[in-house]
């Protein structure tokens, strides 16, 4: 049961992050894009950039910042999944792409643009 609650909490905060980003001008194109390589929480357009967004939630700061959870392995999976999305949707190789993270706690949201590079 705890895993189901964690998944629901994650889904709720991804929806909140999507709404929060939309209120800042991002057009959300896709939520929870999955491939055999991994998953990207949100894909959107921010000006000229196609952005791939990882959303991380922490109920408190006791375990560190939510953004600290986006480690090397997770970034590699996101980038591989992004390459699949780009190919599947016929984007040009030189399309402007950015990898962002949104970290959320119950009382704070932080958006890191260009959080890591491909």
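Please pick out the residue among 87, 82 that is crowded, with 17+ Cβ neighbours inside 10 Å and at pLDDT 95 or above.
After ruling out the rest, the residue left standing is 82.
Residues to consider are 24, 36; find the one that is farther than 18 Å from residue 118 by Cα, part of a loop (DSSP other than H, G, I, E, B) and at pLDDT below 95. It would help to see each step written out before you state the result.
Numbers: 24 fails: at pLDDT below 95.
Within the list 24, 36, the selection yields 36.
Matching residues to (1) surrounded by fewer than 17 Cβ atoms within 10 Å (Cβ to Cβ); (2) touching a helix residue (DSSP H, G or I) at 6+ places or on another chain (Cβ under 7 Å); (3) assigned to a strand (DSSP E or B); (4) modelled with pLDDT under 95:
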site	(1), (2), (3), (4)
29	yes, no, yes, no
45	yes, no, yes, no
51	no, no, yes, no
60	yes, no, no, yes
76	yes, no, no, yes
99	no, yes, yes, no
115	no, no, yes, yes
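The values are calculated or read from the model by the stated rules, or taken from the named source; none is laboratory data. For clarity, every value in this text was computed on a predicted model and none was experimentally measured. Cβ coordinates were reconstructed from backbone atoms using ideal geometry, including for glycine residues, and neighbour counts include every protein chain displayed.
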